[in-house]
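One structure is given below, encoded as structure tokens.
The values are calculated or read from the model by the stated rules, or taken from the named source; none is laboratory data. Since we're looking at a predicted model, the values are computed, not measured. FYI the Cβ positions are ideal-geometry reconstructions off the backbone, even for glycines, and counts take in every protein chain you see.
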Amino acid sequence: MKFTCGQQSLSRALNTVSKAVTSRTTIPILKGILINAKKEGDLILSASDLDISIEKTMKGISVEEEGSAVVSAKLFTDIVRKLPNEDIIIEKKEENNISIRTSMSEFTIVGFSPEEFPAIGEIEEEERITLNKEIFKDMIRKTAFSASIDESKGLIIGVLIEVEENFMNMVALDGFRMAVVREEMSDGRKNKIVVSARIMNDINKILADIEDDEDIVLSLEKKKAVLLSENIKIVMRLLDGEFIKYKDILPKEHNCRLKVSKAALHEGIERAALLSKEGKNNLIKFKIEENMMIITSRSEEGNVREEVPVEKDGNDIEIGFNSKYILDVLKVLEDEEIAMEMVSSVKPCVIKPVEGGKFEYLVLPVRIS
């Protein structure tokens, strides 16, 4: 194997595939990146932690001798990143050693046998859905934060991707809050998969590195899902099991509905949260009466009162929340105004658009004395 390519383009490609490299593994080969140089000028970089596998193809590379090698992901990426912005010559020597040369630098590093590297896997002819890249990224951003981070909690560490007729839903929950985001789509048969929220966040970062505003393709298979763009293939292992019937959890009625400025609510809660240290639940209290929401919190260091104008329909209500859970929702929304629906001080609050049903966020209250 021997090829020449530009330092910057190689560094960007390595940054993409490195997102599938884990330091937690005890299998040495999984700490590596597979380099495969093709005579026709394709350079394919691959990495896998067995949960997510990423394959990036660089085209138009000057390949003098085709072949493959596996290099330490961290060492190889660090070397390439620190080399000057010029052509790099990479060559496989005896015993899988790899030579990395520029006009003024030369490294020789120890490689691994490419035969030991796990196969990324071919795409089966299952259902394929074409998606707008920006919309898919936005759906991940608006849901994945609500998934549980406790690995012992089973399927709720994942994000549900549910395809219905003319719609795609993305859902995540952790037992204290739930995020549901919906987008219209033109194709796709009914299907649903659950992917780890950690993997979904990695995918969001990878898609952000794709400069072209191209569509992506999602292939849904029995054991895995495959995301394809022009030069990137991402294979995701699915979580096994039946996701919680989230539609049964969403309240069907409310006794109090508010319309409120998202910015005013966000700022008021952020200020109140500075003193919301009572216990460990970041407690803030909402007292809603007439057309005003009074936000209060207290700690040993003091107390605070904020007033936020609202348009109220229904009963007055007093309810407490973990400020972090409300703020997490407000941070990902672009709407100028939002609706909040509540039943009582012990039932969940639902945050949704003033009109339409593109999202619903359910937040459990904190009991207040």
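Within the group Leu10, Leu75, which residue is assigned to a helix (DSSP H, G or I) and either over 28 Å from Leu228 (Cα atoms) or touching a residue at least 40 places away in the same chain (Cβ under 8 Å) (or both)?
Working: Leu75 fails: either over 28 Å from Leu228 (Cα atoms) or touching a residue at least 40 places away in the same chain (Cβ under 8 Å) (or both).
It is Leu10.
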For segment 135-157, the count of residues that are small (Gly, Ala, Ser), in contact (Cβ under 8 Å) with a residue 60 or more places away in the chain and touching a Lys or Arg at 6+ places or on another chain (Cβ under 9 Å) equals 2
(request) Confirm whether Ile319 is assigned to a strand (DSSP E or B), without any contact (Cβ under 8 Å) to a residue 40 or more places away in the chain and on the phi < 0 side of the Ramachandran plot. (result) no
When (1) buried (at least 17 other Cβ atoms within 10 Å of the Cβ); (2) within 27 Å of Glu162 (Cβ to Cβ); (3) over 27 Å from the mean Cα position of the chain (by Cα) are applied to Leu238, the one that fails is (3)
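In the same structural domain as Ile135 (by TED's automatic domain parsing) and closer than 20 Å to Lys223 by Cβ: is that true of Arg189 in this structure? Give the derivation first.
On the way: in the same structural domain as Ile135 (by TED's automatic domain parsing): yes; closer than 20 Å to Lys223 by Cβ: yes.
It is true that Arg189 is in the same structural domain as Ile135 (by TED's automatic domain parsing) and closer than 20 Å to Lys223 by Cβ.
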If we keep only residues of segment 20-52 that are of a type in the set (D, E, K, R) and part of a loop (DSSP other than H, G, I, E, B), then the residue nearest to Ala225 (Cα to Cα) is Asp51
In segment 330-356, residues that are part of a loop (DSSP other than H, G, I, E, B) and among the β-branched types (Val, Ile, Thr) total 3
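Among the listed residues Lys252, Lys233, Lys223, which satisfies the condition of being modelled with pLDDT under 95, under 19 Å from Glu134 (Cα atoms) and of a type in the set (Lys, Arg)?
The unique qualifying residue is Lys233.
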Taking first residues from segment 197-209 that are assigned to a helix (DSSP H, G or I) and second residues anywhere that are of a type in the set (Asp, Glu), the pairs with Cβ under 7 Å that are 6 or more apart or on different chains are Ile199/Asp51
Is it the case that some residue within segment 215-223 is outside any loop (DSSP other than H, G, I, E, B), within 30 Å of Pro365 (Cα to Cα) and in contact with a strand residue (DSSP E or B) (Cβ under 9 Å, 6 or more places away or on another chain)?
no
The residue from Leu275, Leu265, Leu327 that alone is within 17 Å of Phe145 (Cβ to Cβ) and either among the hydrophobic types (A, V, I, L, M, F, W, C) or assigned to a strand (DSSP E or B) (or both) is Leu327
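Scan segment 224-258 for residues that are of a type in the set (A, V, I, L, M), closer than 30 Å to Gly314 by Cβ and part of a loop (DSSP other than H, G, I, E, B) and report the count. Please lay out each step first, then the result.
Going residue by residue through segment 224-258, those that are of a type in the set (A, V, I, L, M) are 225-228, 232, 234-236, 238-239, 244, 249-250, 258.
Checking which are closer than 30 Å to Gly314 by Cβ leaves us with 244, 249-250, 258.
Then drop every residue that is not part of a loop (DSSP other than H, G, I, E, B), which leaves 244, 250.
The number of residues fulfilling the criteria is 2.
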Yes or no: segment 33-48 includes at least one residue that is crowded, with 20+ Cβ neighbours inside 10 Å and not aliphatic (A, V, I, L, M). yes
Over segment 134-154, the set of residues modelled with pLDDT of 95 or more, closer than 21 Å to Lys245 by Cβ and surrounded by fewer than 22 Cβ atoms within 10 Å (Cβ to Cβ) is Ser148
Residue check: is Glu115 within 18 Å of Lys224 (Cβ to Cβ) and either part of a loop (DSSP other than H, G, I, E, B) or more than 13 Å from the chain's Cα centre (by Cα) (or both)? no
Those residues of segment 2-35 that are closer than 23 Å to Ser196 by Cα and either touching a Gly at 6+ places or on another chain (Cβ under 9 Å) or acidic (Asp, Glu) (or both) come to a total of 2
